[in-house]
Amino acid sequence: MRERVLSKLKNVKELPSFPAVAQNIMRMVESDDFSMRDLKAEIEKDPGLAAKILKAANSFAFNPYGKEITSIDRAIMQLGVKNLVPIVIGLSIVKLSDGLPGRFNADLFWKHSYTCAHVAKRLAKRFNLSDADAFTAGLLHDVGKLVLYMFFPEEYEEALKVAEEEGLLSTEAERRIFGIDHTEVGEHIVKYWQLPSLIAETTRYHHNPEEAKQYPKMVALIRISDLFSRAAGVYFNRDHKGIMITEDKGWIILTEGKEEVEDLLAPVLDDVEDAVQFAELAWRGA
């Protein structure tokens, strides 16, 4: 089965493409060679995305005073260029799960992904890490699950069933059925999309942050954000049931024993409602 999965991943024609508008905006911002007009023109190539960006700019998370935003250029200013790339990626990437049948609860999957992203963004500032990178990494950390289901829906439903009935981690159930798990699949698709190596490493090692080589702190941050989003009651499956956060490798790497769980968890709980609302916006549309 592992060879079937790897064969699919090596077949470029079968892999889902990264949304073109998101890719173009990401490159523009990274090159630092763009104008507000350039960003506006790129966003308006996708009317559905433009409508969602307007709605995001008018959401409480980015517009707490409720001053109505009616144009894309003002929406960009309201959101901030630093926030624009992860938001565009998030609003675009959700299209990959359109029309998925069966047991894969895409609604819940994206709510968990967005909650993890929002928590990671909040915690990043505490540990002097890039909050924009943290948001993108949190959003995409489980994308391998989505890709596995897209290619092998029946087998992935079997993995979900095995995990549920036997109380296994998703990675354990996936390896039993596929001989590979979502972290390895996720790393492959992120590299195929030519996203930064930081995103590839967080996707690959968010279950095992002690194995990260280049960005151990960011990988540990995504691990803890994943745990915290589950602690807040937003999870796709029960991957971390019974885990003591303070004994987790991610916690040890990130905090170096200098933080209390309550001091970090309490502030991020305020973000959960915003995260779920933002997920609703991305998933259900404007």
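Largest GNM mean-square fluctuation among 120, 132, 51, using the chain with Cα springs under 10 Å: 51.
Among 270, 133, 32, the largest mean-square fluctuation in a Gaussian network model of the chain (Cα springs under 10 Å) belongs to 32.
Just the number: Rg to Rh for the chain, Cα atoms, Kirkwood Rh, two decimals. All intermediate terms of the calculation are to be shown ahead of the outcome.
Details: Rg = 18.4 Å, Rh = 19.3 Å.
Expressed as Rg/Rh, it is 0.95.
With θ taken as phi - 60° and the Karplus curve 6.51 cos²θ - 1.76 cosθ + 1.60 applied, the whole-hertz 3J(HN,Hα) list for the range 47-52 is x, x, 5, 4, 5, 5 Hz, x standing for glycine and proline. In a Debye calculation with equal point scatterers on the alpha-carbon sites of the range 1-83 and no solvent, what is log10 I(q)/I(0) at q = 0.12, 0.19 Å⁻¹? Calculated log10 I(q)/I(0) at the listed q: -0.48, -0.83. The Cα atoms of the range 62-201 cover 50, 32, 28 Å along the three principal axes, with the biggest extent listed first. Remark: spin-label model distance residue 33-residue 172 equals 5.1 nm, labels positioned 7 Å along the Cα→Cβ axis. Taking θ as phi - 60° and the Karplus parameters 6.51, -1.76 and 1.60, the scalar couplings of the range 68-85 work out to 5, 10, 10, 10, 5, 5, 5, 5, 4, 5, 5, 6, x, 4, 4, 8, 5, 4 Hz in sequence order, x denoting glycine and proline. Max-minus-min Cα coordinates of the range 1-142 on each principal axis give 53, 33, 31 Å, with the largest extent listed first.
Label-to-label distance for residue 126 and residue 258 is 1.3 nm, based on points extended 7 Å past Cα in the beta-carbon direction.
When the Gaussian network model of the chain links Cα atoms closer than 10 Å, the mean-square fluctuations of 223, 122, 74 top out at 74. Sorted on the mean count of surrounding Cβ atoms within 10 Å across their residues, most packed first, peptides 81-88, 208-215, 35-42 read 81-88, 208-215, 35-42. With contacts taken as Cα pairs under 8 Å and at least 6 residues apart, the range 106-233 reaches a relative contact order of 27 percent. Calculated mean residue ellipticity at 222 nm for the chain: -20500 deg cm²/dmol, from DSSP H runs with n ≥ 4 weighted as -39500 (n - 2.57), summed, divided by the residue count and rounded to 500.
Taking the Cβ of each residue in 77, 218 as the centre, tally the other Cβ atoms inside 10 Å and list the residues starting with the fewest. Don't skip to the answer; put the middle values down first.
On the way: 77 14, 218 27.
Going from least to most buried by this count: 77, 218.
A Förster radius of 22 Å combined with the Cβ-Cβ distance from residue 269 to residue 17 puts the calculated FRET efficiency at roughly 0.05. Cβ-to-Cβ counts within 10 Å put 207, 141 in ascending order as 207, 141, the fewest first.
Beyond 29 Å in Cα-Cα separation lie the following of the pairs 145/249; 125/213; 125/161; 121/161; 10/213; 10/82: 125/161; 121/161; 10/82. Per-residue Karplus couplings for the range 246-255, computed as 6.51 cos²θ - 1.76 cosθ + 1.60 with θ equal to phi - 60°, are listed in order as 5, 9, 6, 4, x, 4, 5, 5, 6, 9 Hz, Gly and Pro entered as x. One compactness figure for the range 131-196 is 1.18, namely its Cα radius of gyration divided by 2.2 N^0.38 Å.
Where does each of 183, 203, 70 land when they are ranked from fewest to most other beta-carbon atoms within 10 angstrom? Kindly include the intermediate steps, with their values, before the conclusion.
Numbers: 183 22, 203 27, 70 9.
Fewest to most other Cβ atoms nearby, the residues stand as 70, 183, 203.
Since every read-out is calculated from the coordinates, none of them should be taken as a lab result. Just so it is clear, the model here is predicted, and its values are computed rather than measured. Glycine gets a Cβ as well: all are built from the backbone with ideal geometry, and neighbour counts include every protein chain shown.
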